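Visitor: Quick one: the structure is below, and I'll ask about it shortly.
Computed from the coordinates by the stated procedures, all read-outs in this text should not be read as laboratory data. Quick caveat: nothing in here was measured; it's all calculated off a predicted structure. Using ideal geometry, Cβ is built from the backbone for each residue, glycine included, and neighbour counts are taken over all protein chains shown.
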Amino acid sequence: MLDSSFPDAAAAPAAVVPRIHLASPADVPFIVDAIVAESRNGHYSCDCSQPDVLRGVWHQIQSIVADGVAPMPGARNGAGGRAFVVQVGQVNAGFAVLVEDTPGSWLERVELFALATHAAYRGRGLARTLVKSLATTSGSAVVYARCAETSVAMRTLLKACDFETLPGSGDGTLVRLLRRAG
């Protein structure tokens, strides 16, 4: 049974430097639990209360962590993906997943596919540190994220990380141009 309270997170220490690392198989339950918890709060478009959706989330995160490949619908199937965890001390405090726009497009365009920070660690700049670090070190010319207009906190975070809405970028899509492609 999944615990929607982010089981790795404890009371947040005051002044510990966060550490970002590539997720390992041991981090998969933390990431999935975070997605489930945040989907219950309306922050993801998936309904993890449906067993087939939950199995799909598990499979997708396990594949990204173990194989670096994201099982996705349509033309995105087989796109490269990487999951990262941010820790405070020895405690998992949040995560982010980057996925190629299409297979083989990592250097041109990646999506900030999923992101969550445990409530006990919000307001400390962890998500901002994570997003800025991954956007800068991804090696991609463009990093984008899709989020609903109603997701004020996520839109505020992305804008604080130099993402912007570009003409023709699509509904709810914010883009960060790191370098011009080509």
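Visitor: Taking every pair of alpha-carbon atoms in the stretch 48-112, what share in percent sits in each 10 Å bin, from 0 to the bin with the longest distance?
Guide: 22, 45, 28, 6
Visitor: Compute the semi-axes of the equivalent ellipsoid of the stretch 37-182, taking the square root of 5 times each eigenvalue of the Cα gyration tensor, and list them largest first in whole Å.
Guide: On the way: eigenvalues 90, 79, 52 Å².
Computed over the stretch 37-182, the values are 21, 20, 16 Å.
Visitor: Work out the length of the dipole vector of the stretch 18-177 about its Cα centre, built from +1 on the beta-carbon of each Lys and Arg and -1 on the beta-carbon of each Asp and Glu, and round it to the nearest 20 debye.
Guide: On the way: 14 positive and 14 negative charges, 100 e Å.
Taking the Cα centre of the stretch 18-177 as origin, the dipole is about 480 debye.
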